[in-house]
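For reference, the structure discussed in these notes is given below.
Read-outs throughout are calculated quantities, based only on the coordinates presented, and are distinct from any laboratory measurement. Being a predicted model, the structure only gives us computed values, none of them experimental. As a convention, Cβ positions derive from the backbone with ideal geometry for all residues, glycine included, and neighbour counts pool all protein chains shown.
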């Protein structure tokens, strides 16, 4: 084996191992907290710290393999593997950021929202449509139209709508801002001629469709 001689391997290896353990613990905690708080910034910071952990581990593995086998290419091979890991992790973060900027729909949130609204509107004998939602980073913004039976008083409709809004707000994490639009089912088609609300036979959930021009 040629090149610079390796010195203080015991002390240097110990320091590298301690640094890897600290960075690994901190990175894992930041990722856990970021996912719990739905914070992409915390997740990104956690993955950045974990990069230092993986780099330290690569140094230890590469050094160990070189010492055991006397084959020097193990060191750059480990470095290339770590570089690939950094690029892969960075690409994933960029994809998540781009999806947020482009308001990409979250299927899991949509399923949860429709499940809540299906249950709550059925409980109050209503139908709903025109559900829209987006993730603001620290909260969800939700808008939905509620159709009430003919003859429902304004006070009663407002009370029921507020109750449904409250259930949605308490069910989404981290939290939600909900706005409901109250409509009367009997004259909905007359007031909104380009929208038709059809109720499925087995459910109170409604489907919004557009009339062709």
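How high is the FRET efficiency from residue 26 to residue 155, r the C-beta distance, R0 41 Å, rounded to 0.05? Could the numbers behind the result be given before it?
Values: r = 54 Å, r/R0 = 1.32.
Rounded to the nearest 0.05, the efficiency is 0.15.
Label-point separation (nm) for residue 98 and residue 143, each offset 7 Å from Cα along Cα-to-Cβ?
Roughly 2.8 nm, to one decimal.
Please sort 64-74, 117-127 by packing, taking for each peptide the average over its residues of neighbouring beta carbons within 10 angstrom, highest first.
Working: 64-74: 13.0, 117-127: 17.8.
Listed from highest to lowest mean packing, they are 117-127, 64-74.
Under a no-solvent Debye model with one identical scatterer per Cα of segment 9-101, what's log10 I(q)/I(0) at q = 0.16 Å⁻¹?
-0.71
From Cα pairs below 8 angstrom and at least 6 apart in sequence, can you work out the relative contact order of segment 72-177, rounded to a whole percent?
Details: 72 pairs, mean separation 23.1, N = 106.
Dividing the mean separation by the residue count of segment 72-177 yields 22 percent.
If packing is taken as the mean number of other Cβ atoms within 10 Å per residue, what is the order of 157-169, 46-58, highest first? Write down the numbers at each step before the final one.
Working: 157-169: 16.4, 46-58: 18.9.
Top of the packing list down: 46-58, 157-169.
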